[in-house]
Amino acid sequence: MAHHESLIAALPKTELHIHIEGSLEPEMMFDLAGRNGVKLPYASVEETGAAYQFSNLQDFLDLYYQGMSALMTEQDYFDLTYAYLKHCADDNVRHTEIFFDPQGHVSRGVDFKTVFDGVSRGLEAGFDEFGISHEIIMCFLRHLDEDDAERMLDLALNYRDRIVGVGLDSSELGHPPSKFKNVFRRARDAGFKLVAHAGEEGPPEYVWEAIDVLGVDRIDHGNRALEDKELVRRLARDKMPLTVCPLSNQRLCVVPDLKKHPIQRMLDAGLVATLNSDDPAYFGGYMNDNFNALDQALSLGRDEIVGLARNGFVAAFCDEDRKSDLLRDFDRAVATL
Ligand code: ADE
Ligand code: ZN
């Protein structure tokens, strides 16, 4: 069966679901830990491979928070972000919307400003050198309480012009979106776009809550929405984008096998699905790897691959001028492929 590696490589793409801390490759994690005197639970880079075997989301999160503890200085956050932007350039990603988890840093004594300035400078370098545009989404850790999220929102208000939206991530089960109803209302009133991880491990009810209680503009993951026909109709009717992450789903056992990935059912139901890498350093691949893995598992059609990539531009939070430029360039590129 012919696959579409060269089409995938040549397609302009967006990334709308990437935790910047999840792009921390083991090599850099060791370098930074050495430079900052941070102790890691691995003796070598090679040992991380054996450790990065996950049975569920929490298994991964435990190592993700441990890994990010190597990040201390503004330069560290710059290096992390700039390295990710180089992967974007390699994969022909033209626009990226990155998540960051300030609570994972502030709780270790790293200032919000240190994190933000380093990430922001990395993104700006990516624009200057590669022409890759970006937006920044601040996520609340849902295993913490709403008051903690409120304090992060207070800090984010100082950067209102540089942060496009707020999101919700970390341990899903037991932490429904409604737990964050007040902080999301305040974020919406302040003009932020809203997203939430929902239906990754959590039930369809959590997706309903993300839409009806929080009022999100996109759903991150959303796999389990397919268990509820009424919810699928609602997502299709509202053209609610889903940021789907195939290699993440495989590595966190959200799907038993990529051959069983529901992307085809999502597209058939008329959902605006996009493909993304989530935490590429932990899940074994960046954007093109995610497209190729899914294509190889499911033998997608050319139109489906083009449609998935195009949905990313449609669902992006950039301003309308940038979006129409990106879409025009995308359509021109497709016409030549
Ligand atoms: N934080 C980083 N990656 C995540 C994921 N896939 N789900 C929830 N929280 C996360
Ligand atoms: Zn995620």
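Residues in region 50-64 carry Karplus couplings, in order, of 5, 6, 7, 10, 10, 9, 6, 4, 4, 3, 5, 4, 4, 7, 5 Hz; the curve used is 6.51 cos²θ - 1.76 cosθ + 1.60 with θ = phi - 60°, and Gly or Pro positions show x. Centre-to-centre, using Cα atoms only, region 166-201 and region 55-86 are separated by 21 Å. Label positions at Gln296 and Asp189, each projected 7 Å from the Cα along the C-beta direction, are separated by 5.1 nm.
Report D for region 266-322 in µm² per second (integer): Stokes-Einstein, Kirkwood Rh on Cα pairs, 37 °C, 0.692 mPa s. Taking Rh from Cα pairs, D becomes 263 µm²/s.
Between Leu294, Leu141, Leu267, which gets the highest mean-square fluctuation from a Gaussian network model of the chain, Cα cutoff 10 Å? Ranking Leu294, Leu141, Leu267 by mean-square fluctuation puts Leu267 first.
Placing unit charges on the Cβ atoms only, positive for Lys and Arg and negative for Asp and Glu, gives region 137-220 a dipole magnitude near 380 debye about its Cα centre.
Among Thr336, Thr274, the order of accessible area from largest down is Thr336, Thr274, computed with a 1.4 Å probe on protein heavy atoms. Note on the chain: the alpha carbon radius of gyration divided by the globular reference 2.2 N^0.38 Å gives 0.93. For region 78-141, a simple Cβ point-charge model (Lys and Arg +1, Asp and Glu -1, everything else neutral) yields a dipole of about 160 debye relative to the Cα centre. Got a sec? Charge dipole of region 91-159, +1 on Cβ for Lys and Arg, -1 for Asp and Glu; which of Pro102, Gly126, Leu153 is way out at the positive end? Result: Gly126, furthest along the dipole toward the positive end. Comparing Tyr282, Tyr206, Tyr159 in a Gaussian network model of the chain where C-alpha atoms under 10 Å apart are linked, the largest mean-square fluctuation is found at Tyr159.
Computed over protein heavy atoms with a 1.4 Å probe, the carbon and sulfur contribution to the accessible area of the chain reaches 48%. Were the residues from Asp145 through Leu327 laid out at 0.36 nm apart, the gain over their Cα-Cα distance would be 61.6 nm. Ordered from largest to smallest accessible area (heavy atoms of protein chains, 1.4 Å probe), the residues Lys13, Lys113, Lys181 come out as Lys113, Lys181, Lys13.
Rounded to two decimals, the Cα-based Rg/Rh of region 1-90, with Kirkwood Rh, is 1.04.
The values are calculated or read from the model by the stated rules, or taken from the named source; none is laboratory data. This is a predicted model, so every value here is computed, not measured. Glycine gets a Cβ as well: all are built from the backbone with ideal geometry, and neighbour counts include every protein chain shown. Quick note on the areas: whole protein, heavy atoms, side chains included, nothing else; ligands and nucleic acids left out. Shrake-Rupley method; radii C 1.70, N 1.55, O 1.52, S 1.80 Å.
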